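What follows is a single structure, written as structure tokens, with notes after it.
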Amino acid sequence: MCGIIGYVGKSNRVGEILLEGLKRLEYRGYDSAGLAIIRDNSLFVEKTSGKIEKLEKKLEKVDLSGSLGIGHTRWATHGPPTTKNAHPHTDCSGKIALIHNGIVENYQTLKTSLESDGHKFVTETDTEVLVHLVEKFYHDNKLEEAVQKALDVVEGTYGILVISSSEPDKLVGARNGSPVVVGIGENEYFIASDVSAILEHTRQVIYLKDQQMVVVTPEHFSTMTVKNESVEHVVETVDWDLDMIEKGGFDHFMLKEIFEQPETIRNAMRGRLLEEYGISKLGGLNMSEQELREVKRIVFVACGTSWHAALIGEYMIEEKARIPVEVEYASEFRYRNPIIEDDTLVMAISQSGETVDTLAGMREAREKGAQCMGICNVVGSTIARESGRGVYIHAGPEIGVASTKAFTSQITVLSLLALMLGRMHTMSSSEGRQIIKALEEIPEQISKILGKNEEIKKISEKCCYYNNFLYLGRGANYPVALEGALKLKEISYVHAEGYPAAEMKHGPIALIDENMPVVIICPRDNAYQKILGNINEVKARKGKIIAITSEGNEEIANMADHVIFIPETLDFLYPILSIIPLQLIAYHIAVLRGCHVDQPRNLAKSVTVE
Ligand code: G6P
């Protein structure tokens, strides 16, 4: 969702620091942007609809020196993405500025009451009530007290930063449900919604917890709860490098991240495979073998691409460990009073570790007594911290809004989980060793598929102007079909549906004609013979077939309009390979159609509102 950044320090470069930070945060939201700085003891605010570039242009001739300021990039919830509704918002006096990521649920009641006290509202946002509340409670240059009193009457989620020209070296931040990280520099501090915005300045960070706030001046910082109780903070060191959050010569972050996959998958497996015994070890689970053996049911809660990864995990774990698995949309799970028993393990899968529905689903499960874990990418994220145990996928920062490398790392980790649980139950050590051998080949096999990028681009050129696509797969490749279709929808705005191949005849077959490309994932696995029938059904109706199959499969080459070969692997590991060409197809079609690949319209990387 929205990105927030704040700076206080002695560098006198506040404007530059905020704009750089906003560019790095732009993937969180990009419909409007703004900043506020304190200059000569007065508040300067500039904002605009559109992207950061537009804000930067507007500020070209403006003196942005100073030592205190806040900046925001928005993903609109309340009120359209106009310049007026862009953050920062200011109070009636024009002395206080505030930025917000989240939703004030009781804003209507608060607004009515503030208006009757004489406050003048100028925007359609929920956020504006926050700055008027701070104004109402602001006395004697105690901004933090005003923020505490304001938050006391607020219901909803927030990551906020507030400044006042009456206290030109004080930055106040608070969080509840929306991430806030404090970066510690030398005589300077940075506060942001994620570390990518501050990484070029510092790696020493503190992650605020819900209901906590921070008060920062160039010399000092202190953390407390929003009720003014003192809290201990832990300073952590971020192990990401700056080049991980830069494009590194690629045209788009998405393409860079697709090409990183051989390495990110290696990272997901590193130190976790014990070849000699044919087992995997996942250190962060913090459960004894006995406790793990007693798990009788696993429930995955997730959203979006992570939900597709969970579906693949279901195939993997049920097949290899014979433990029943359910996959739930977190947004549904949290509200439907799910059945959780003592021996149920609930795993929240989330790249960002901040998706509000997934977090709430995990909290709901914990309330009901479930053992909970997170499978996250972002270290220190809320789900990772709240679950207190789980597995990091170690994919490094994912900036492209359409998830790619996180997906393959998630399913790699899920395959390790299937192996680990399988070996605790019925799987033999020789099968375990065979799986490890196959897993170790995956990075090289992905590199081989990536080597076909030009070929895949040519196929994409031939079908980029169709307006509907169907994606079909069977078994664990059915969720791959869903994910391939989602990638295309997200970044090309082309309608695409994923279906289990055999279900096609119960509906989607009616859509097939010569204008319908059908992407069929049909490696030589145990579903292969069955899917051949489905391919014939498409062909008989003149659908254009793009087949993803195993190397050397000439049979399919003769049936399909286009074939992309992938190396052979074990049946249950095919999804890690078969998704790669689909990511590239979506990427190339989006570029060919002139779409903004890294910042697709209406989407946000990390969805921290319901
Ligand atoms: C958003 C993103 C998707 C992502 C989903 C879940 O919709 O655009 O790419 O899959 O959120 O995010 P998470 O961080 O929980 O995996």
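The values are calculated or read from the model by the stated rules, or taken from the named source; none is laboratory data. In this text, all values refer to a predicted model and were calculated from it rather than measured experimentally. Glycine gets a Cβ as well: all are built from the backbone with ideal geometry, and neighbour counts include every protein chain shown. Only protein heavy atoms, including side chains, enter the accessible area calculation; ligands, DNA and RNA are left aside. Shrake-Rupley method; radii C 1.70, N 1.55, O 1.52, S 1.80 Å.
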For Lys544, the lone unmet condition from (1) touching a Cys at 6+ places or on another chain (Cβ under 7 Å); (2) open to solvent by less than 20 Å² (accessible area, probe 1.4 Å) is (2)
Of the residues in region 128-160 that are closer than 22 Å to Met1 by Cβ, not aromatic (Phe, Trp, Tyr) and not in a helix (DSSP H, G or I), the one that is farthest from the chain's Cα centre (by Cα) is Val154
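Can you spot a residue in region 495-508 that is in contact (Cβ under 8 Å) with a residue 40 or more places away in the chain, of a type outside the set (D, E, K, R) and at negative phi? Walk me through how you get there before you give the answer.
The first filter runs over region 495-508 and keeps only residues in contact (Cβ under 8 Å) with a residue 40 or more places away in the chain, leaving none.
The answer is no; no qualifying residue exists.
Quick one: which residue in Tyr499, Tyr471 is within 26 Å of the chain's Cα centre (by Cα) and surrounded by fewer than 24 Cβ atoms within 10 Å (Cβ to Cβ)? Please lay out each step first, then the result.
Numbers: Tyr471 fails: surrounded by fewer than 24 Cβ atoms within 10 Å (Cβ to Cβ).
Exactly one residue qualifies, and that residue is Tyr499.
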Exercise for the section: Report whether or not Gly29 is crowded, with 17+ Cβ neighbours inside 10 Å, within 18 Å of Ile399 (Cβ to Cβ) and among the small types (Gly, Ala, Ser). Expected result: yes
Residues in region 214-245 that are loosely packed, with under 15 Cβ neighbours inside 10 Å and either within 24 Å of Lys23 (Cα to Cα) or within 28 Å of the chain's Cα centre (by Cα) (or both) total 7
Residues of region 77-119 being in a loop (DSSP other than H, G, I, E, B), buried (at least 20 other Cβ atoms within 10 Å of the Cβ) and either under 27 Å from the mean Cα position of the chain (by Cα) or among the basic types (Lys, Arg) (or both), in sequence order, are Asn85, Ala86, His87, Pro88
Among (1) farther than 30 Å from Glu444 by Cα; (2) at pLDDT below 95; (3) in a loop (DSSP other than H, G, I, E, B), Asp239 falls short only on (1)
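Return a yes/no flag: does region 335-345 have any residue that is open to solvent by less than 20 Å² (accessible area, probe 1.4 Å), within 16 Å of the ligand (Cβ to nearest atom) and touching a helix residue (DSSP H, G or I) at 6+ places or on another chain (Cβ under 9 Å). Let's see the steps before the verdict.
Let us first name the residues in region 335-345 that are open to solvent by less than 20 Å² (accessible area, probe 1.4 Å), namely 338, 344-345.
Cutting the leftovers down to within 16 Å of the ligand (Cβ to nearest atom) gives us none.
No, region 335-345 contains no residue that is open to solvent by less than 20 Å² (accessible area, probe 1.4 Å), within 16 Å of the ligand (Cβ to nearest atom) and touching a helix residue (DSSP H, G or I) at 6+ places or on another chain (Cβ under 9 Å).
Matching residues to (1) open to solvent by 70 Å² or more (accessible area, probe 1.4 Å); (2) within 16 Å of the ligand (Cβ to nearest atom); (3) more than 15 Å from Leu414 (Cα to Cα):
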| position | (1), (2), (3) |
| --- | --- |
| Ala268 | no, yes, no |
| Gly271 | yes, no, yes |
| Leu274 | no, no, yes |
| Ile279 | no, no, no |
| Leu282 | no, no, no |
| Met287 | no, no, yes |
| Arg293 | yes, no, yes |
| Lys296 | yes, no, yes |
| Phe300 | no, yes, no |
Given the conditions (1) of a type outside the set (Val, Ile, Thr); (2) open to solvent by 10 Å² or more (accessible area, probe 1.4 Å); (3) without any contact (Cβ under 8 Å) to a residue 60 or more places away in the chain, every one holds for Asn553 apart from (2)
In region 400-437, residues that are small (Gly, Ala, Ser), away from the ligand (no atom under 16 Å from the Cβ) and closer than 24 Å to Gly353 by Cα total 2
Sole miss for Ile585 among (1) in a loop (DSSP other than H, G, I, E, B); (2) open to solvent by less than 30 Å² (accessible area, probe 1.4 Å) is condition (1)
Review point. Residue check: is Gly484 crowded, with 16+ Cβ neighbours inside 10 Å, modelled with pLDDT of 90 or more and in a loop (DSSP other than H, G, I, E, B)?
Key: no
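Report yes if Asn536 is within 14 Å of Leu472 (Cα to Cα) and open to solvent by 20 Å² or more (accessible area, probe 1.4 Å), otherwise no.
On the way: within 14 Å of Leu472 (Cα to Cα): yes; open to solvent by 20 Å² or more (accessible area, probe 1.4 Å): yes.
Spelling it out, Asn536 is indeed within 14 Å of Leu472 (Cα to Cα) and open to solvent by 20 Å² or more (accessible area, probe 1.4 Å).
Identify all residues within region 420-449 that are out of contact with any Leu (no Cβ under 8 Å at 6 or more places or on another chain) and not polar (S, T, N, Q); write none if there are none. Explain how you work it out, then say what you get.
Narrowing region 420-449 to residues out of contact with any Leu (no Cβ under 8 Å at 6 or more places or on another chain): 422-423, 425-426, 428-431, 433, 437, 441, 443-444, 447-448.
Passing the criteria: Gly422, Arg423, His425, Glu431, Arg433, Lys437, Glu441, Pro443, Glu444, Lys448.
Does Glu314 meet the test of being away from the ligand (no atom under 13 Å from the Cβ), outside any helix (DSSP H, G or I) and modelled with pLDDT of 95 or more?
Working: away from the ligand (no atom under 13 Å from the Cβ): yes; outside any helix (DSSP H, G or I): no; modelled with pLDDT of 95 or more: yes.
Considered against the rule, which asks whether it is away from the ligand (no atom under 13 Å from the Cβ), outside any helix (DSSP H, G or I) and modelled with pLDDT of 95 or more, Glu314 comes out as no.
Output the residues belonging to region 363-394 that are within 11 Å of the ligand (Cβ to nearest atom) and open to solvent by less than 20 Å² (accessible area, probe 1.4 Å). Lay out the reasoning, then the answer.
Within region 363-394, the first condition is being within 11 Å of the ligand (Cβ to nearest atom), and the residues that meet it are 374-378, 381-383, 393.
Matches in region 363-394: Gly374, Ile375, Cys376, Asn377, Ser381, Thr382, Ile383, Ile393.
Every residue, every condition in (1) modelled with pLDDT under 95; (2) in a helix (DSSP H, G or I); (3) touching a His at 6+ places or on another chain (Cβ under 6 Å), yes or no:
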| position | (1), (2), (3) |
| --- | --- |
| Gly422 | no, yes, no |
| Arg433 | no, yes, no |
| Ala438 | no, yes, no |
| Ile442 | no, yes, no |
| Ile446 | no, yes, no |
| Ile456 | no, yes, no |
| Tyr471 | no, no, no |
| Asn515 | yes, no, no |
Given the conditions (1) within 19 Å of the chain's Cα centre (by Cα); (2) of a type outside the set (Phe, Trp, Tyr); (3) more than 30 Å from Met424 (Cβ to Cβ), every one holds for Gly249 apart from (1)
Taking region 587-610 and keeping only residues that are basic (Lys, Arg) and away from the ligand (no atom under 14 Å from the Cβ), one is left with Arg593
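I'd like the residue in region 21-58 that is of a type in the set (D, E, K, R) and more than 27 Å from the chain's Cα centre (by Cα) and, out of all such residues, is farthest from Leu603 (Cα to Cα). Full working, then the answer.
Step one: of region 21-58, the residues of a type in the set (D, E, K, R) are 23-24, 26, 28, 31, 39-40, 46-47, 51, 53-54, 56-58.
Of the ones still in play, those that are also more than 27 Å from the chain's Cα centre (by Cα) are 39-40, 46, 57-58.
On the way: Arg39: 35, Asp40: 38, Glu46: 24, Lys57: 24, Lys58: 25 Å.
Looking at the filtered set, the residue picked out is Asp40.
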message = Residues that are within 16 Å of the ligand (Cβ to nearest atom), of a type in the set (Asp, Glu) and open to solvent by less than 70 Å² (accessible area, probe 1.4 Å): does region 192-213 have at least one?
response = yes
